[in-house]
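Notes follow the structure.
The values are calculated or read from the model by the stated rules, or taken from the named source; none is laboratory data. Everything quoted here is computed from the prediction, not taken from an experiment. Heads up, the Cβs are rebuilt from the backbone with ideal geometry, glycines too, and the neighbour counts pull from every protein chain shown. Surface accessibility is based on the protein's heavy atoms, side chains included, excluding ligands, DNA and RNA. Shrake-Rupley method; radii C 1.70, N 1.55, O 1.52, S 1.80 Å.
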Amino acid sequence: MTDTQTPLSAPLAELTTLRLGGPAREIVRCPDTRSIVETIQELDERSEPVLVIGGGSNLVIGDAGFDGTAVVLASSRIEFGSGRESGRSHVVADAGVGWDDLVAATVEAGFGGLECLSGIPGAAGATPVQNVGAYGVEVADILRSVQVLDRRSGNLRWVSPTELGLGYRTSNLKHRNDFVVVAVSFWLNEDRASQPIRYRELATTVGVEPGDRVDAAAAREAVLGLRRGKGMVLDADDFDTWSAGSFFTNPIVDGGDAPAVLERIAARVGADVAIPSYPAGPQPNPSDADAPTAVKLSAGWLIERAGFGRGYPSADAPVRLSTKHTLALTNRGSATTEQLLTLAREVRDGVLDAFGVTLRPEPVFVNCAL
């Protein structure tokens, strides 16, 4: 370190759900949209590297930290309204609003629509970036618009879902820093009617057939119960929740490759074992009946069948798979980011060796790589 360099001294680990990562040079908390815009513009004017943090639930920060300033979105506005667009009700929330706080607020106000995404950690502004989804619903299904700060022009503008390139756990906002989400808006259902309950586990829990709607409050409680059972609701006293959620996305296999991949998996696990697989993406053109459909596989199922069970590698390891859910890599209280990445690489490579399927990470990596 030269005499002109400032040592990194602002801890970032406490701002992430993994509780991992080295320090930044400075942390600035912004309580509203105006302060977010002014802070980022000021930092950009002096060419200071900026790391924007919402809830920190999808963030893996390297042990060396971030050589710049972390801007924490701490804005908290929630407003309900109904516009001219089809006369539908909607909610507008600042990017810094806790996602589950927003879901709870919509249900308490007598609306439905967001309940299947209950219990997901993080801030509201991050949900369209990742196109967050759970229990049969994705943000893409309910998103009305997103307000972004264009760091190149300094302007704020609202963009529609069609401009965002929303896909499976991705959007064109991901892995870029020229746009910063400062607010989000979601469509709501009147009379606290839930979204159609598509996910069979949830439908069974609430006692309906897939496709039915229920009271959003009932669906929310059921989702929270299911997530708690998998260690997917934050709890400071439960190391199984010290994670970035699902570390890997469910792999999607091209339709032409799917038969060979499924055959290889069956040869490993046994022909009589049911392999969880689902159609993924657009269905083939009806005029081309032989066109194969892409297949989505279960990452958690593949991880477990490749030999990585819950709690792997051992009870005393500083990083291990959750004891409740093999998709979560957890910090047991004293881990480093590099230890987390080492385990992630072992799991990824083990699944590739066993089944020929490559797992892709879901979190965003800062000053580290898988």
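Between residue 352 and residue 44, how high is the FRET efficiency from 1/(1 + (r/R0)^6) when r is the Cβ-Cβ distance and R₀ = 56 Å? Nearest 0.05.
0.90
Across 10 Å bins from 0, what is the distribution of all Cα-Cα pair distances for segment 182-321, in whole percents?
Each 10 Å bin holds this share of Cα pairs: 9, 25, 32, 26, 7, 0.
Which one, 148, 159, 351, has the greatest fluctuation when you compute a Gaussian network model over the chain with C-alpha springs under 10 angstrom?
Maximum among the listed residues: 159.
How much accessible area per residue does the chain have, in Å², with a 1.4 Å probe?
Counting only protein heavy atoms, the per-residue value for the chain is 45 Å².
Quantify, in whole percent, the carbon and sulfur part of the accessible surface of the chain (1.4 Å probe; protein heavy atoms only).
So the carbon and sulfur contribution to the accessible surface is 47 percent.
Could you rank the peptides 74-82, 46-54, 266-274 by their average count of other C-beta atoms within 10 Å per residue, with the highest value first?
46-54, 74-82, 266-274
Largest first, what is the accessible-area ranking of 33, 205, 337 with a 1.4 Å probe?
These residues rank, largest area first, as 205, 33, 337.
Per-residue HN-Hα couplings for segment 115-132, Karplus 6.51 cos²θ - 1.76 cosθ + 1.60 at θ = phi - 60°, whole Hz, x for Gly and Pro?
Computed from phi, the couplings for segment 115-132 are 4, 5, 9, 4, x, 6, x, x, 9, 4, x, 7, 5, x, 4, 9, 6, 4 Hz.
Cα centroids of segment 148-210 and segment 22-101: how far apart, whole angstrom?
Value for the Cα centre distance between the two parts: 16 Å.
Under the rule of at least 5 residues apart or a separate chain, name every residue whose amide H is placed under 5 Å from the amide H of residue 29.
Sorted by chain and number, the residues that satisfy this are 72.
Treating the beta-carbon of each Lys and Arg as +1 and of each Asp and Glu as -1, no other charges, what is the dipole magnitude of segment 284-370 about its Cα centre, to the nearest 20 debye?
340
Collect residues whose amide H, placed 1.01 Å from N in the peptide plane, falls under 5 Å from the amide H of residue 294; neighbours closer than 5 in sequence don't count.
Excluding prolines and chain starts, which carry no amide H, the hits are 255, 280.
Check residue 321: other-chain or 5+ apart residues with amide H under 5 Å from its amide H, H built from backbone geometry?
HN-HN under 5 Å from residue 321: 311, 312, 330.
³J(HN,Hα) across segment 160-171 via Karplus (A = 6.51, B = -1.76, C = 1.60, θ = phi - 60°), whole Hz, x for Gly/Pro?
Using θ = phi - 60°, the values come out as 8, x, 5, 8, 9, x, 5, x, 5, 6, 7, 7 Hz.
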